[in-house]
Amino acid sequence: MVSRVHKRTAMYRNIQKLRSITNSHARRKTSVILDASEYIRGLKQRLQELNQLAVDAAQKCIDYGPMPMLKVEPQEEGFMIKVLSQRSCQGLLVFILEAFEGLGLEVVQASVSCVENFCFEAVGIKENNQDTSHMEARVVEQVVSQAIQKWREVTKQY
């Protein structure tokens, strides 16, 4: 007898919780359950819509995200180059390293992360220990910026 009372009380509480979650004004248990199933169907539909919006947004971000941030700092021997982006930039590292070769810079120390975002920091010096004092940071920044722009143009095609 006590067990039935506990079960009935527990069911009443659960129906009340269900009614409050679904904002149901129904009085009968079956009507509350029907309202809850409609509520769940609506949530599923809304979730599908949000997932589709997320997929659409992700596809747009891949090709048309903002330009990566570039910073070039002169050092005693060479330059410190930093390239940062909020998203992964597949293939960008190759373009940057080609720009280094074009400038005749050798990478002596580098740190790269390409997982969720793109982060590249490197120290470049002139090959064969040549003096870099005649090369300006502005020139290095311009060449690396052109490499980033070239990467963007290539990735937009695909």
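Please treat every number below as a calculation from the coordinates, not as lab data. Remember, it's a predicted structure, so these values are computed and weren't measured experimentally. Cβ: placed from backbone, ideal geometry, glycine included. Neighbour counts: every protein chain shown.
With point charges of +1 on the Cβ of Lys and Arg and -1 on the Cβ of Asp and Glu, referenced to the Cα centre of the chain, which listed residue (Q45, L84, M135) lies farthest in the positive direction of the dipole?
Q45
For the chain, what is the charge dipole size about the Cα centre, in debye to the nearest 20, if Lys and Arg each add +1 at the Cβ and Asp and Glu each add -1 at the Cβ?
About 2800 debye.
State which stretch of the chain is the longest one without any exposed trypsin sites (Lys or Arg not before Pro), exposure meaning a DSSP loop state and at most 10 other Cβ atoms within 10 Å.
Looking at the chain, 29-158 is the longest stretch - no exposed trypsin sites (Lys or Arg not before Pro) with at most 10 other Cβ atoms within 10 Å.
Please determine, in degrees from 0 to 90 and to the nearest 10, the orientation of helix 29-64 with respect to the longest principal axis defined by the Cα atoms of the chain, where the helix direction is its Cα long axis.
Helix 29-64 and the main axis of the chain meet at about 10 degrees.
Output the 0 to 90 degree angle, nearest 10, between the alpha-carbon long axis of helix 2-22 and the longest principal axis computed from the alpha carbons of the chain.
Its long axis makes an angle of about 50 degrees.
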